[in-house]
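The values are calculated or read from the model by the stated rules, or taken from the named source; none is laboratory data. Every value quoted in this text rests on a predicted model; they were computed, and no experiment measured them. Ideal geometry is used to build each Cβ from the backbone, glycine not excepted, and the neighbour counts take in all protein chains shown. Just so you know, the surface numbers come from the protein's heavy atoms only, side chains and all, with ligands and any DNA or RNA stripped out. Shrake-Rupley method; radii C 1.70, N 1.55, O 1.52, S 1.80 Å.
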Amino acid sequence: MTIKAVVFDAYGTLYDVQSVADVTEEAFPGYGGIITQIWRIKQLEYTWLRSLMRRYEDFSVVTRDALAYTLGSLGLEYDDETFARIIDKYLHLDLYPDALAALSAMKDRKLAILSNGSPDMLNALVRNSGLDLLLDAVISVDAKKSFKPSPEAYMLIEEVLHVPPAEVLFISSNPWDACGAKAFGLNVAWIERVTPEKMALACLESETLPPLTMFWALRTQMDELGVVPDHRIHGLAELPALLSA
């Protein structure tokens, strides 16, 4: 097998979605953690619901709707300026520390992002983080008007990069995304950032589970969907060695 292209999910894989916690806590002291987790859970849920309902709106709309739901569900009042300041963080998410070095080490292959993000959101995020200098393509599912893990979304990889699925390695830390890519026929490496051992320890350390631990339980453990990734790694730094092997 020859891997000619390495394609990354963006949110949660290259970019840390938990980095919005600073701005949510600043806007609503004492609520930052729960806002961050509910917002992400509803954001993902809305992508799946809109795909199933065939009522597509791009990811910027989904992200705003999910935040509005979150603040409303917690009974938090806000003004337009506060709302806009929180949303803007999605254009300035923190890169995972090993992202730049890992991508730089794989420049002998085509490198791309395939994301649920809207084109405007992704282009701004990639430019603000400096990844535009390393990527050959930034692919948004907006071209298909269907969110991952629908097969139509993964079709975009071959359409844009002109590399067949058998020669693509897809990277995601989101279990549902890894399963969707594998079911489509891509080679898949799943980044297991939160191991079962870490989960068990987090549960033992507190009688009441904090929002982040609950999020880990719901969104970071491999799903039971009848498919498994080809590779299980614990960070982007492991990718160059994996490809060499």
The range 120-239: radius of gyration over Cα atoms, expressed as a fraction of 2.2 N^0.38 Å = 1.21
query = Relative contact order for the chain using alpha-carbon pairs under 8 Å, separation at least 6, rounded to a whole percent?
reply = 24 percent
ask   = Spin-label point model (7 Å from Cα, Cβ direction): what's the LEU212 to SER244 distance in nm?
value = 3.2 nm
query = Taking the Cα-to-Cβ direction at ALA200 and at GLU45 and moving 7 Å from each Cα, how far apart do the two end points lie in nm?
reply = 3.0 nm
message = With the cut-off at 26 Å, tell me which of the pairs LYS110/LYS182; LYS89/LYS148; LYS110/LYS145; LYS42/LYS148; LYS4/LYS198; LYS42/LYS110 have Cα atoms farther apart than that.
response = LYS4/LYS198; LYS42/LYS110
note = Applying the gyration tensor rule to the Cα atoms of the range 28-157 (axes a ≥ b ≥ c; rounded if a/c under 1.5, else prolate if a/b exceeds b/c, else oblate), the class is oblate
inquiry  = To test your reading of the geometry: what angle, between 0 and 90 degrees and rounded to tens, separates the Cα axis of helix 175-184 from the longest principal axis of the chain?
reply    = 30 degrees
task = Quantify, in whole percent, the carbon and sulfur part of the accessible surface of the chain (1.4 Å probe; protein heavy atoms only).
result = 54 percent
note = Measuring from the longest principal axis of the C-alpha atoms of the chain, the long axis of helix 119-129 (C-alpha) lies at a number of degrees, nearest 10, equal to 90 degrees
note = Under the Karplus relation with 6.51, -1.76 and 1.60 and θ = phi - 60°, whole-Hz ³J(HN,Hα) for the range 72-85, x at Gly and Pro, equal x, 5, 8, x, 9, 8, 8, 10, 4, 5, 5, 4, 5, 5
task = Please list 104-117, 53-66 highest first by mean number of surrounding beta-carbon atoms within 10 Å per residue.
result = 104-117, 53-66
request  = Give a quick list of GluC sites (Glu not before Pro) in the range 145-225 that DSSP marks as loop, anything other than H, G, I, E or B, with at most 10 other Cβ atoms within 10 Å.
outcome  = GLU205, GLU207, GLU224
key: Helix 32-53 axis, angle to the chain major axis (alpha carbon atoms, nearest 10°)   = 60 degrees
remark   = Between LEU134 and HIS231, the FRET efficiency computed from the C-beta separation at R0 = 30 Å comes out, to the nearest 0.05, as 0.90
note = For the chain, the convex hull over Cα atoms projects on average to an area in nm² of 13.3 nm²
message = Test of understanding: what is the full-extension gain from TYR78 to ARG54, defined as 0.36 nm times their sequence separation minus their Cα-Cα distance?
response = 5.6 nm
inquiry  = With n ≥ 4 as the cut-off for DSSP H runs, can you work out [θ] at 222 nm for the chain, using -39500 (n - 2.57) per run divided by the number of residues, rounded to the nearest 500?
reply    = -14000 deg cm²/dmol
